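In what follows, a structure is listed as structure tokens, so that the remarks can point back to it.
The values are calculated or read from the model by the stated rules, or taken from the named source; none is laboratory data. Everything quoted here is computed from the prediction, not taken from an experiment. So basically every Cβ, Gly included, is an ideal-geometry build from the backbone, and we count neighbours across all protein chains shown.
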Ligand SMILES: Cc1ncc(C[n+]2csc(CCOP(=O)(O)OP(=O)(O)O)c2C)c(N)n1
Ligand SMILES: [Mg+2]
């Protein structure tokens, strides 16, 4: 095991990108205000000065256009990292992402591939209101041909972003505004990568599996602590990689605890948590003592007023209450 | 003028015969596709290039084979044929067979031959245009002097991403030619009903991109203009918009069986006189470059050739059922079963 450094989630992302830029001349970053302005969430801070406009490309506000340009460039061997100022804006590029990037390798019968990373904050920041607050990872995970990851810790942010850059497929890398300042120990190793398709158990427990990803994993960890005080021993499972999905680790956890709850920030109805609950119910039916339940975001556009906004997003109290309600 | 001399050099009898063969080959290939479609050997949406041959042939001759990039929409059969792809693999792809360029995964609208610089083959009107920008971006980033030709239709010229890409192409000096093939129709909608300004080349002007309109029904004119434009883009490393006036003789696609809904027989007859193949025949007869007998012999030869291509493609089996899972990702298989 190599030495570790303590980094924020944001700095871990930044470090990963800088190292990949150094490692491979074909890696570049594109996005709005990522260069001269240093990035809306400062993830690319300092990079423009260090790497210049060829590698750190400030784009016009044309999500569909520059995403398409990144896809075309990836088809001829570049490895662009596209920063979406927020994932909400990737909606403008959906045609490029879903109908182009995700289809290239298949429609060409393997002749071409798209080594592209689309990354940015998804989910609630603070009072950004309805148009700037979206969890779209479920939409993307729905699409064959895309890989979708949602790291919850600084170490995973670092290791998974490196994996994403080195992957030859389009990867949707969703961050969460609430995670950028979360600190953690990150291996001080240029070649540390975290493979996709591997969930992890962040806390072992025997009574119930709390399954989540991205910031909800942090919520689940806190909920587990609170529930421990009541003598409920919760296992916290961090999905990390939505596509490909590590069903085995999730199933093994449920076979041990016999109870499961999926927690996700996205709108509850039809979100990725529903897919998790459905497939785990099918595969683990005989091992379960209760139906797998879900805690999700409220099915409303996210409102501005802080109290209402907080109402929408699952928090520790919501999770704890839901666990208690399971009996 | 030196330029003229160079042109005459291009108009050698051998060159004219080559153009004649290329255009006629595409014509016969596309006609065979129409027949195969009616026989149920080709499915889905299929769009032929009949009438527009001079555009692809003239432009192709101005490009560096195996070096420059070409990308277009779904009316894509002629491009790989001109760029050196195995015509049997092109036909097999159109027929959804394992011998196809993409082993039957793409079909008529999605033909690709990446190795030869042909990047498809796209079905979302306008969607491939930023991709074309990306090909040019990639070439420029790597310091290669490749030119990208991005074909698009008059209808596609209205899509938002076109303007986004024009802006970035000009902003970043991308070596790309936006070749707007104005065949006067977007499916069943005439140019005047879909474009506020029907002079589509002007769409480059707000971005400071050099732009012009050319005749796409005369292969020699196309070659002349394309050579000049390609040279400019390669040398200056700047984008270019060229509006190429042409006309499709068939319906929009194989499923379009009533052209009278949007144009009259009389109009079609007038445009039939612009047929690029007849135009070249007339020129070659006038200049005593080729006899009518020779033309007929070539036609027979190419018709037989296309027939043989079709037979070979038809002998290619359909892909194996398990291949449905291949190439979703480069490195992993999707979950299997329903
Ligand atoms: C985004 C989108 N909208 C609509 C269609 C249906 N459609 C296919 S081709 C076409 C007309 C396009 O015309 P043009 O760009 O002039 O190309 P042409 O067919 O004349 O070569 C339409 C409306 C589509 N494929 N994609
Ligand atoms: Mg048209």
* To do: Please state which of the following conditions residue B:252 fails to meet, knowing it meets all the rest: (1) without any contact (Cβ under 8 Å) to a residue 60 or more places away in the chain; (2) within 15 Å of ligand 1 (Cβ to nearest atom).
  => (1)
* Within the range B:132-145, which residues are in contact with a helix residue (DSSP H, G or I) (Cβ under 7 Å, 6 or more places away or on another chain) and more than 9 Å from chain A (Cβ to nearest Cβ)? -> B:145
* To do: Within the range A:289-306, identify whether any single residue is within 22 Å of residue A:214 (Cα to Cα) and assigned to a helix (DSSP H, G or I), and answer yes or no.
  => yes
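Okay, residues lined up against (1) more than 9 Å from chain B (Cβ to nearest Cβ); (2) in contact with a helix residue (DSSP H, G or I) (Cβ under 8 Å, 6 or more places away or on another chain); (3) at positive phi:
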| site | (1), (2), (3) |
| --- | --- |
| A:14 | yes, yes, no |
| A:20 | yes, yes, no |
| A:40 | yes, no, no |
| A:74 | no, yes, no |
| A:93 | yes, yes, no |
* Members of the range A:310-327 that are under 20 Å from residue A:213 (Cα atoms) and assigned to a helix (DSSP H, G or I) -> A:310, A:311, A:312, A:316, A:317, A:318, A:319, A:320, A:321, A:322, A:323
* Asked: Taking helices (runs of 4 or more DSSP H) that fall entirely within the range B:75-165, which contain at least 1 residues that are surrounded by 24 or more Cβ atoms within 10 Å (Cβ to Cβ) and within 16 Å of ligand 1 (Cβ to nearest atom)?
  -> B:78-82, B:128-141
* Asked: Looking at the range B:187-207, which of its residues are in a helix (DSSP H, G or I) and in contact with a helix residue (DSSP H, G or I) (Cβ under 9 Å, 6 or more places away or on another chain)?
  -> B:191, B:194, B:200, B:203, B:204, B:206, B:207
* Asked: For the range A:182-227, how many residues are touching a residue at least 60 places away in the same chain (Cβ under 8 Å), more than 25 Å from residue A:171 (Cα to Cα) and more than 21 Å from the chain's Cα centre (by Cα)?
  -> 3
* To do: Report the residue count in the range B:93-121 for those that are over 16 Å from residue A:110 (Cα atoms) and within 11 Å of another protein chain (Cβ to nearest Cβ).
  => 1
* Hey, could you check the range B:166-186 for residues that are part of a loop (DSSP other than H, G, I, E, B) and either at pLDDT below 95 or within 10 Å of ligand 1 (Cβ to nearest atom) (or both) and say which is nearest to residue B:48 (Cα to Cα)? => B:183
* Which condition number in (1) under 23 Å from residue A:319 (Cα atoms); (2) more than 14 Å from chain B (Cβ to nearest Cβ) is the one that residue A:189 fails? -> (1)
* **Boolean, residue A:50 is surrounded by fewer than 20 Cβ atoms within 10 Å (Cβ to Cβ), more than 14 Å from chain B (Cβ to nearest Cβ) and farther than 30 Å from residue B:125 by Cα** => yes
* **Condition broken by residue B:40, with the remaining ones in (1) part of a loop (DSSP other than H, G, I, E, B); (2) touching a strand residue (DSSP E or B) at 6+ places or on another chain (Cβ under 9 Å) satisfied** => (2)
